[in-house]
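Colleague: Have a look at the structure that comes next, please.
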Amino acid sequence: MGQYSMSDALKHFMQNPRYKGPMQALQIEEVWEKIMGKTISKYTDKIQIYGTTLYITTTVAPLKQELLYQKEQIVQRVNEILGENTIKEVVIK
């Protein structure tokens with residue numbers, strides 16, 4: 001049994017696909033206002049990641065339309081924040 005530093009243990013834990021998506025979703029939620037602005041952040045209900053897809057939930061119809069037009073920019077901004085090309089697709093619900 002080897003010894004690991006806390007940093008190495010957390011990195012190993014974060015690479016597990018079971019936990020990686022939810023942890024990245026939390027990271028995105030923390031900076032969502034910075035990524036998208038106050039108004040969009042205020043009316044976004046939920047952010048989830050499954051595999052390489054980012055799911056954004058909102059009940060505001062005009063916001064859904066706006067987010068549909070911004071899908072490519074959302075992918076770019078989120079991947080920039082995560083520091084890797086994790087997100088390939090955005091689904092607006």
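The values are calculated or read from the model by the stated rules, or taken from the named source; none is laboratory data. Bear in mind the structure is a predicted one, so any value in this text is a computation, not a measurement. Because the Cβ atoms are built from the backbone with ideal geometry, glycine has one as well, and the counts that use them run over all protein chains shown.
Colleague: Output the residue which, of all residues in region 56-93 that are among the hydroxyl-bearing types (Ser, Thr, Tyr), under 19 Å from residue 38 (Cα atoms) and in contact (Cβ under 8 Å) with a residue 12 or more places away in the chain, is surrounded by the fewest Cβ atoms within 10 Å (Cβ to Cβ).
Modeller: Of everything passing the filter in region 56-93, 59 is surrounded by the fewest Cβ atoms within 10 Å (Cβ to Cβ).
Colleague: Right, residue 48: assigned to a strand (DSSP E or B) and within 13 Å of the chain's Cα centre (by Cα) or not?
Modeller: It is true that residue 48 is assigned to a strand (DSSP E or B) and within 13 Å of the chain's Cα centre (by Cα).
Colleague: Something else about it: Out of 34, 64, which single residue is over 30 Å from residue 9 (Cα atoms) and part of a helix (DSSP H, G or I)?
Modeller: Answer to the check: 64.
Colleague: Still on this structure, I have one more. Which is of a type outside the set (Gly, Ala, Ser), surrounded by 13 or more Cβ atoms within 10 Å (Cβ to Cβ) and at pLDDT below 90, of 15, 27?
Modeller: 27
Colleague: Just give me the residues in region 51-70 being of a type outside the set (Gly, Ala, Ser) and within 13 Å of the chain's Cα centre (by Cα), in sequence order.
Modeller: If the condition is that a residue be of a type outside the set (Gly, Ala, Ser) and within 13 Å of the chain's Cα centre (by Cα), then 52, 53, 54, 55, 56, 57 are the ones that fit.
Colleague: With respect to residue 48, determine if the residue is among the polar types (S, T, N, Q) and touching a residue at least 40 places away in the same chain (Cβ under 8 Å).
Modeller: The answer is no for residue 48.
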